[in-house]
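Every number here is computed from the coordinates shown, using simple stated rules; none is lab data. The structure presented is a predicted model; accordingly, all values stated were derived computationally and were not measured. Cβ atoms come from the backbone with ideal geometry, glycine included; neighbour counts cover every protein chain shown.
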Amino acid sequence: MTEKPNLGALYGAASEAKTFLGLETCTSLSELSAPVAIIGAAGATPYASVGPYCRNGPDALRRATSSLTANVDRHDFDHGGAVFPAKTNRPVDCGNLPYVDNDSAQNRKAIGEAIDTILSRGAVPVLLGGDDSVPIPMLEALGRDGSGRKFTILQIDAHIDWRDVHMGESYGLSSTMRRASEMSHIEQIIQVGARGIGSAATTDYEDAVKSGVTFVTAYDFHEKGVGVVTDLISEGSHVVICIDADAFDPSVVPGVIGRSPGGLSYYQMVDLVKGAASKGKIAAMDFVEYMPERDVDDIGALNVARLITTALGVIVRQTA
């Protein structure tokens with residue numbers, strides 16, 4: 001046998017998933033009525049040296065849910081019930097935003113305007129990247145929603161993303177949290193999972209600490225557990241969760257550009273999402289930096305998609 005069998009057929013899946021979990025589509029954001037909107041972005045501000053290297057991530061993550069599409073209503077042991085308890089309170093998949101090579105400003109604008117519309121419809125945006133520059137316009141949009149809300153960012157990432165400028169670019173993936181720290185509607189940043197040698201200089205780390213960031217390194221998280229993070233989140237917070245796939249250990253998600261030992265497990269990631277939801281409301285989420293071309297037998301896609309699935313279940317329970 002030279003071709004892989006369609007194992008999804010064993011679970012009743014008719015074909016490859018076109019939407020995440022086979023959820024309904026929303027082709028017009030202005031008519032959005034669901035509580036959660038999934039939207040893909042191939043990139044925002046990629047560095048010229050590599051381009052939009054995670055551009056195929058959103059569709060690969062959708063495909064990874066193919067075997068679940070026929071069984072999304074079955075018992076989910078990670079929730080103690082169905083992922084989505086009510087058939088009328090489910091996310092929708094809004095497809096992918098257009099991406100323009102060599103026009104980063106337009107890409108950022110497209111992401112920002114999409115998030116503006118999603119928020120205006122009262123929904124929670126869940127952004128699938130794409131590289132780690134795509135959260136910047138999403139975070140900017142949160143400050144334009146007219147609510148006056150202040151936000152706590154929970155960033156889960158192997159890297160701290162505090163470079164001011166890299167390769168002449170200030171809106172790239174290495175600068176995401178520094179740009180976030182400059183936004184007046186962001187009142188707290190908690191960064192979890194940093195480990196090994198990253199792109200940051202010691203001065204970048206020192207700048208982050210001076211700005212008020214609290215770091216929980218991967219080493220500390222393994223030693224102390226999720227409570228050390230949830231204790232930092234104020235009760236009633238509006239939480240934005242920014243997840244970089246390389247926060248996972250590469251044995252769990254090998255499909256990342258910067259593999260490093262000592263990362264988090266699937267259930268540690270779940271604990272962080274559920275822990276944040278126990279302290280406040282999840283206002284937005286992004287999942288970035290999954291690179292299917294670097295994956296091994298789609299193991300990474302499976303685990304990132306499974307985390308997204310669990311996170312969606314957490315969010316809909318908060319919107320019920």
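Please identify which residues in region 16-41 have an amide N closer than 14 Å to a label point set 7 Å out from the Cα of Thr88, following the Cα→Cβ vector. Counting only backbone N, you get 34-35. Here the Gaussian network model covers the chain, with springs between Cα atoms less than 10 Å apart; of Gly122, Gly255, Gly80, Gly80 fluctuates the most.
For Gln191, neighbours were defined as the other residues whose beta-carbon sits under 11 Å from its Cβ, and their charges (Lys and Arg +1, Asp and Glu -1) total -3.
Label-to-label distance, Met167 versus Ser251, with points set 7 angstrom from Cα along the beta-carbon direction: 3.2 nm. Under a 5 Å amide H cut-off, with hydrogens placed 1.01 Å from N, Phe151 pairs with Ile186, Glu187, Gln188 among residues at least 5 apart or on other chains. Just to confirm a number: summing +1 for Lys and Arg and -1 for Asp and Glu over residues other than Ser260 whose beta-carbon lies under 10 angstrom from that of Ser260, what do you get? Summing Lys/Arg as +1 and Asp/Glu as -1 gives 0.
Where a ≥ b ≥ c are the square roots of the eigenvalues of the C-alpha gyration tensor, would you call region 207-264 rounded, which needs a/c under 1.5, or, failing that, prolate if a/b is larger than b/c, or oblate? It comes out prolate by the Cα gyration axes. By its C-alpha gyration tensor, with a ≥ b ≥ c as the square roots of the eigenvalues, how is region 74-216 shaped: rounded for a/c under 1.5, else prolate for a/b larger than b/c, else oblate? Prolate shape, in that a/c is at least 1.5 and a/b is the bigger ratio. Using a cutoff of 8 angstrom between alpha carbon atoms and counting only pairs six or more residues apart, the relative contact order for the chain works out to 20 percent. Just need the relative contact order of region 152-279 here, percent rounded to a whole number, with Cα pairs under 8 Å and 6+ apart. So the answer I get is 29 percent. For Ala200, the residues whose amide H sits under 5 Å from its own are Ile160, ignoring neighbours fewer than 5 places away on the same chain, with H placed 1.01 Å from N. Here the peptides 288-294, 262-268 are ranked by packing, the mean other Cβ count within 10 Å, and the order with the highest first is 288-294, 262-268. For region 262-278, 3J(HN,Hα) computed residue by residue from phi via the Karplus equation (6.51, -1.76, 1.60; θ = phi - 60°) reads x, x, 8, 8, 4, 6, 5, 5, 4, 4, 5, 5, 5, x, 4, 5, 6 Hz, glycine and proline entered as x. At q = 0.08, 0.12 Å⁻¹, what is the base-10 log of I(q)/I(0) for region 7-319 according to the Debye formula with one equal point scatterer per Cα and no solvent? Please give it to two decimals. For the requested q values the scattering log ratios are -0.31, -0.73. Within the chain, DSSP assigns beta bridges of which about 5% are antiparallel (rounded to the nearest 5). Relative to one another, the C-alpha centroids of region 13-70 and region 277-320 are positioned 12 Å apart.
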